[in-house]
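This report concerns only the one structure given below.
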Amino acid sequence: NSDNPFPQSTGITNMNCIRFLLVLFSIVVVASSISIGDRLVRTYTEYITLPTNVNDAITQGWQSKDQCDNNLGIAYNYLGVAPQVDSPLTIYFTAAGQVAGVGIEVYGSLPDNLVNFGAWQEVVQGEQYHLSVSFRSSGAMCSTSPSTYTLGDRLIVNADTLKFNLPTTTSQADGANWTKGSCFAGMGYHYFYDVSSAPKMSWQAQNLFPVVTMFNDTAINAIFFASPTVQQSLFDAHWWEPVALLDSLMCKNWCDSSCTFSDTSLWSTFHVYFRDHNNVSCAGGCTLSCCP
């Protein structure tokens, strides 16, 4: 069985082919490991630097129960030992004190399809969901031996359950049937995955994998978490991007005039950068929603 189970789409043959391709993709990811970046920064337009080692995390107010999960590492949360609406991000660290991954909490209901798929882990049914992205192998999480990589060499969604490998290069993204979108200065080219019809988009929020990858040239630059349930309130963004996006604005991330979503009208996004956003530009001096 594959580490990345996909729901049946058009029949058992299609499902088995997708599983086979994902197994091959996982092998390629491991065989071609390189560092995914040199920093951790959150939130588009704000660019808040996050700690990449335990000492800095503790100094900045991050707290932990000091329990190490073999697949995720040791979870730290801001000003408490659990995520909150006002600070929904979790940062995971290895036992050696290096950043091991990040996690995001979403409050409110989410599409059953993505929960059943395993992208969102249910914390409180219909009220709270969690998703993690790990940067290192399971063998590194509870090890006291430090790595030469500041961040790590991979991106694995829900390494404790789903074990879904995100591409870290554009060639991996193409090979795994991700859909290429538009380029934004500071972010790079967006790539999306539709769990129902990849590499084509079904234009249903229930099928959009909730982690979007962004590349500068060919290397991973950033990711963003996408929630079809609004996370911002009237007077507070709760660390998410300053405002929720209408479908028409969310669609600026693609180069496809057919983009529209029938099952949601607003999106919340949460960017996490792995490299200096100031070094990322698009062709021809274009800055927003740039298409070839």
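The values are calculated or read from the model by the stated rules, or taken from the named source; none is laboratory data. Treat the numbers as computed from the prediction; the structure is a model and nothing was measured. Note: ideal-geometry Cβ built from the backbone for every residue, glycine included; neighbour counts use all protein chains shown. Keep in mind that these areas ignore ligands, DNA and RNA; they rest on the heavy atoms of the full protein, side chains included. Shrake-Rupley method; radii C 1.70, N 1.55, O 1.52, S 1.80 Å.
Key figures for this structure:
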| item | result |
| --- | --- |
| The chain: relative contact order as a whole-number percent, Cα under 8 Å and 6+ apart | 18 |
| Solvent-accessible area, 1.4 Å probe, carbon plus sulfur percent, for the chain | 51 |
| Label of the coordinate-derived value, Rg/Rh (Cα atoms, Kirkwood Rh), listed as [x] 1.02; [y] 0.98; [z] 0.93 | [z] |
| Dipole in debye (nearest 20) - the range 119-227, about Cα centre, beta carbon charges: Lys, Arg +1; Asp, Glu -1 | 160 |
| Highest average packing first - 220-233, 252-265, Cβ atoms within 10 Å | 220-233, 252-265 |
| The range 116-213, relative contact order [Cα under 8 Å, separation at least 6], % | 18 |
| More than 20 Å apart - percent of Cα-Cα pairs taken over the range 216-280 | 39 |
| Heavy-atom accessible area order for 156, 91, largest first, 1.4 Å probe | 156, 91 |
| Gyration tensor verdict on the range 29-71 (Cα atoms; rounded if a/c is under 1.5, prolate if a/b is larger than b/c, oblate otherwise) | oblate |
| Separation of alpha-carbon centers, the range 195-232 and the range 56-91, rounded to whole Å | 25 |
| Cα-based equivalent ellipsoid, the range 30-107: semi-axes from gyration tensor eigenvalues, Å | 19, 17, 13 |
| Cβ charges +1 (Lys, Arg) and -1 (Asp, Glu), total dipole of the chain, debye | 540 |
| Largest-first ordering by accessible area, 1.4 Å probe, given options 86, 160, 153 | 86, 160, 153 |
| Among 149, 221, 34 the positive-end extreme of the charge dipole of the chain (Cβ point charges) | 34 |
| Point-to-point label distance, residue 161-residue 45, nm (Cα→Cβ direction, 7 Å offset) | 3.2 |
| The range 76-190: C-alpha gyration tensor shape, a/c 1.5 cut-off, then a/b vs b/c | oblate |
| MRE, 222 nm, helices only [DSSP H, n ≥ 4, -39500 (n - 2.57), over the chain, to nearest 500] | -4000 deg cm²/dmol |
| Shape category assigned to the range 136-292 from the gyration tensor of Cα positions, a/c cut at 1.5 | rounded |
